[in-house]
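**Q** If you scroll down you'll find the structure; I have some questions about it.
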Amino acid sequence: MAGKNKRKLEDLSIDEFLLSGIDQFEGDESEDEDDASAGEDETEVQDETQEMSQKKGKASEHKDQLSRLKDRDPEFYKFLQENDQKLLNFDDTDSSEDEEEQKYHKLPSQLEDVSSDEEEIDETAETKTKKSADKTTKVTTKMIEKWKTALKKEPTAHLIRDITQAFKAAVATSKGDGQSDCRYAVTDSSVFNALILFCIRDMHGAMNKLLNLKAPPKDQKKLILPSSSLRWQKNQLDIKMYLSGVVQLLSSLTQATVTAAVLRHVNQMVPYYLCLPKQGRQVLKQLIKQWSTGEETVRVLAFLALNKICRHKQKVYLNPVLKQMYISYVQNCKFTSPTSLPSINFMQRTLAEMYSLDTQVSYQQGFIYIRQLAIHLRNAMNMKKKETYQSVYNWQFVHCLYLWCRVLSTIYPSEVLEPLIYPLCQVVIGCIKLVPIARYYPLRLHCVRALILLSGSTKTFVPVLPFLLEILQREDFNKKPGRMSVKPINFAVILKLSNINLMEKAFKDGLIEQLYDLILEYLHTQAHSIGFPELALPTIIELKGFLKKCKVANYCKQIRQLLEKVQENCSHITSRRQKAAFGVADAMAVVAWEKEVAEEGTPLTKYYSQWKKLREKEIQLEISGKERMEDLNFPEIKRKKIQEKIEDKKEFKGLFESDSDSDDELMRKIQDDDDDDEGLEDLSDVSGDDDDDDDEEDGASMGEGDSDGNEEKPSTSTKKASKQVSNVDLQELAEGDDDMVEDLELSDLD
């Protein structure tokens, strides 16, 4: 064995080496090395083995031995690399012993004291706050007065820096940020108000004076940018700080009057925002928010600032601003009420004004958004489910349709946007035909109104009348309403009707008014057309048929008035057309003739101008929530007092006894009835149909008058005054087969 141990590794075969092991030859090789290097290696190995024994297992020790083998016997290490890579490239984490050791937690030899580090952190924070508190100075009213006088004399860069630092501190306090890096601190509310007011009034003029900017002439539309000044680079940081502070202040304000004042200041500072892209994007975001959610004056001022920025930098800002404005418009028109409808109309008109700045950008966005609406409609037509119907029959979809109709009608004539008219009309007509039932008549009327706007403004013929005349054919206006309604239905703020609304009298009243308005409005747009008699012929036939069928006086009165005006306009156009000396094929002559007729005016256009003024007043009353009954001067009904009634009953005792009995019996029946609401509805129907005389006669002959007639029989059958009988006795008498009233013996005294 001793001889074997002394043999070198070069003389061993692979089998002998694997049987003998590596550890047996380490000691032999180490004897051949120098003593100094051996001593150093032993000390290093001892230190390493102590640490490795604590942290690693046997697998890690074996790996260290293999790594040492590379230095001591490179030829054998190379042989292992070529023949057995797995032996060298194994992971020490694979050993099960290390895993078992890692399962158990070992306590450290010494516990660390964490409180000392935390105390050091707290001390550093306190020292920083103390230093910042020592550096900051409180802003007072005297300081603001000094700044005012100094700005009026001559503004300097140092003075502007002080004011912007104080303004930044004030904005930080308004947002609730107590700690800030500013040199100043604003703690008093009066100082805050004075500082903000001072900056809004004087900072614009002071900055212009500091940068030597002259006011542009009135005729010149281009703005003089502050970046053209030689002093711009020196004061750019202070101006950036001030502009970002104005944006932060605008985002934290809640009162409308203060917001309006800040927005006026933003309008003044638009040239500065145009020179700084980051601050410009920040202020645009806040302006769009105020434009879509603020009050009336705030909305107008925000729109003016948006329009000013986009007009002077269309290439940079117009496309993203229009996208954000459209998205905020869609988000804020989800719910429509009489209070929110004016703001939605304002957003429509202002958005159309913004789209008119660049027709190329408008066409790109219009094509995308109209196509998106068409995709929603196509899915609803193919799927035919309630969910897909709701994706179309909602306020957002309807308001988007009306918006694009307004945009195309505002920008007309435009060769770029003209191709969008036809697909938009197809989407609106498809929306009408999706669910053509009576519940969605309000939505149909909204779509028809959008088509009338598009057709009249773009001079494009759109077949609108069939959708209106179809309602006259389907609805039975002679049928009695199931119940009476207290208030009229406001068709401007509803999309669909409930089953209860369809039974009300106000539904048919409002429907006739809406049909009258829309037919008149559409025919007014075509009143000067040379083909008006042929266009109005189906309408005239349908209105005449309605007058023959309908028996309600109020409805017939409105439709008859409309029919007379349409026929009068037809006769006017035919008389003018007979005098024409050109043919139908001469398009230029036809256009000139229609222009001449439109300038002179027609009977229908004259009537429409008068009617429009009155109708606008009524619509304003409806939007504001007031009832139309307030404007009508009805005679006051003076009711008698209770004592006067008692005296009258004493004087005319015989007349009032039977009436009181019938009233008591009627009230008892109403109270005992299970369906209280139905009984009240029947009573209201009887009292409400005063317009239809034929219906009243039928109702009197049928069961409506039976309730009153049965109780009045005792008083009418006998000429003598009947004796007062209790309600129970009356019920027993009514249940008998024979008429027991004739068998009663009444004395003259009774």
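The values are calculated or read from the model by the stated rules, or taken from the named source; none is laboratory data. No experiment lies behind these values; they were computed from the predicted model shown. Because the Cβ atoms are built from the backbone with ideal geometry, glycine has one as well, and the counts that use them run over all protein chains shown. These accessible areas exclude ligands, DNA and RNA; they are computed on the full protein's heavy atoms, side chains included. Shrake-Rupley method; radii C 1.70, N 1.55, O 1.52, S 1.80 Å.
**Q** With a Förster radius of 51 Å, plug the Cβ-Cβ distance of Gln558 and Lys289 into 1/(1 + (r/R0)^6) and report the FRET value to the nearest 0.05. Don't skip to the end; give the middle numbers.
**A** On the way: r = 45 Å, r/R0 = 0.88.
The pair Gln558/Lys289 has a calculated efficiency of 0.70.
**Q** Filter the GluC sites (Glu not before Pro) in segment 264-364 to those in DSSP coil with at most 14 other Cβ atoms within 10 Å of their Cβ, and list the result.
**A** Numbers: sites: Glu295, Glu296, Glu353; in loops: Glu295.
For GluC sites (Glu not before Pro) across segment 264-364 that sit outside H, G, I, E and B with at most 14 neighbouring Cβ atoms in 10 Å, the list reads Glu295.
**Q** Further question: How would His265, His528 rank on accessible area, largest to smallest, probe 1.4 Å? Mind showing how you got there, number by number?
**A** On the way: His265 5, His528 60 Å².
Output order, biggest surface exposure first: His528, His265.
**Q** Let me ask something else about it. Output ³J(HN,Hα) for segment 378-385: one whole-Hz value per residue in order, computed from phi by the Karplus curve 6.51 cos²θ - 1.76 cosθ + 1.60 with θ = phi - 60°, and x for Gly and Pro.
**A** 5, 4, 5, 6, 7, 6, 6, 10
**Q** On to the next question. Once a ≥ b ≥ c are taken as the square roots of the eigenvalues of the Cα gyration tensor of segment 289-370, is the result rounded (a/c under 1.5), prolate (a/b larger than b/c) or oblate (a/b not larger than b/c)?
**A** oblate
**Q** Output needed for segment 266-335: three equivalent-ellipsoid semi-axes, defined as square roots of 5 times the C-alpha gyration tensor eigenvalues, in descending order, whole Å. Before the final figure, lay out the partial values.
**A** Values: eigenvalues 83, 38, 17 Å².
Here the semi-axes work out to 20, 14, 9 Å.
**Q** So for each of 562-573, 299-310, 426-437 I average, over its residues, the number of other beta carbons within 10 Å; can you give me the resulting order with the highest mean first? Write out the running numbers ahead of the final one.
**A** Numbers: 562-573: 19.0, 299-310: 20.8, 426-437: 17.1.
My ranking of the peptides, most packed first, is 299-310, 562-573, 426-437.
**Q** Once both labels are modelled 7 Å past Cα along the beta-carbon direction, what's the Leu223-Ser337 spacing in nm?
**A** 3.7
**Q** For a test of the definition: using alpha carbon positions, the gyration tensor, and the 1.5 limit on a/c, classify segment 227-297 as rounded, prolate or oblate. If you can, show how the numbers build up before the last one.
**A** Working: a/c = 2.39, a/b = 2.26, b/c = 1.06.
Verdict is prolate for segment 227-297.
**Q** For Tyr184, enumerate residues with amide H under 5 Å from its amide H, sequence gap 5+ or separate chain, H modeled in the peptide plane.
**A** HN-HN under 5 Å from Tyr184: Thr137.
**Q** Next up: Within segment 528-550, name every residue whose backbone N is under 19 Å away from a label modeled 7 Å from Cα of Arg577 along the Cβ vector.
**A** 528-543
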